[in-house]
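Novice: Sharing a structure here in structure tokens format.
Laboratory data are not the source of any read-out in this text; all were calculated from the coordinates shown. Predicted model, so just to flag it, every value in this text is computed and none were measured. Don't worry about glycine lacking a Cβ; one is built from the backbone with ideal geometry, like all the others, and counts go over all protein chains shown.
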């Protein structure tokens, strides 16, 4: 899958940035451990790929369900954040529903997220995860809460933490 670089303004007052490069540089330990690489990122669609390795399979040799849930949560969260940032909002997950449709043992997982609903206070994103053969392996839907600047969650203001 080709990486699609697109420059967009992610918040008022910020210069246009190559969002895919920024996201890949800012991946947390969890995304790095999975091997998740963003390949496309706009407020309307976010995509990634994850190479399947022994660290991602359960005892039957199948990709662990948590890998699919992670891909789904990550892509929906990034898409929701990209849409919320120009309004100076942040977005946090409220609900993640993941359905497993077909087992995958090897190759790459390719995820694509698109919005179903984007309101002022909530967003709903739908994600498809396919094997590198193009066959649908899992789907998911994530409901996100859009927070105003200064909002607190778990006793702290919601903000991107520096590493």
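Novice: Given the DSSP H assignment, sum -39500 (n - 2.57) over each helix run of at least 4 residues in the chain and divide by its residue total; what's the result at 222 nm in deg cm²/dmol, nearest 500?
Specialist: Mean residue ellipticity, 222 nm, calculated: -6000 deg cm²/dmol.
Novice: Run the simple label-point estimate for residue 136 and residue 100 please: 7 Å along Cα→C-beta, distance reported in nm.
Specialist: With each label point 7 Å from Cα toward Cβ, the separation is 1.8 nm.
Novice: Using 1/(1 + (r/R0)^6) with R0 = 30 angstrom and r between the beta carbons of residue 30 and residue 62, what's the FRET efficiency to the nearest 0.05? Before the final figure, lay out the partial values.
Specialist: Values: r = 20 Å, r/R0 = 0.67.
Using R0 = 30 Å, I get an efficiency of 0.90.
Novice: Relative to the longest principal Cα axis of the chain, at what angle does helix 65-84 sit, 0 to 90 degrees, rounded to 10?
Specialist: The angle comes out at about 20 degrees.
Novice: Please work out which option in (1) -0.29, -0.43, -0.80, -1.34; (2) -0.43, -0.53, -0.81, -1.21; (3) -0.35, -0.50, -0.83, -1.28 gives log10 I(q)/I(0) by the Debye sum over Cα atoms at q = 0.09, 0.11, 0.15, 0.20 Å⁻¹ calculated from these coordinates, and answer with its label.
Specialist: For log10 I(q)/I(0) by the Debye sum over Cα atoms at q = 0.09, 0.11, 0.15, 0.20 Å⁻¹, the calculated option is (1).
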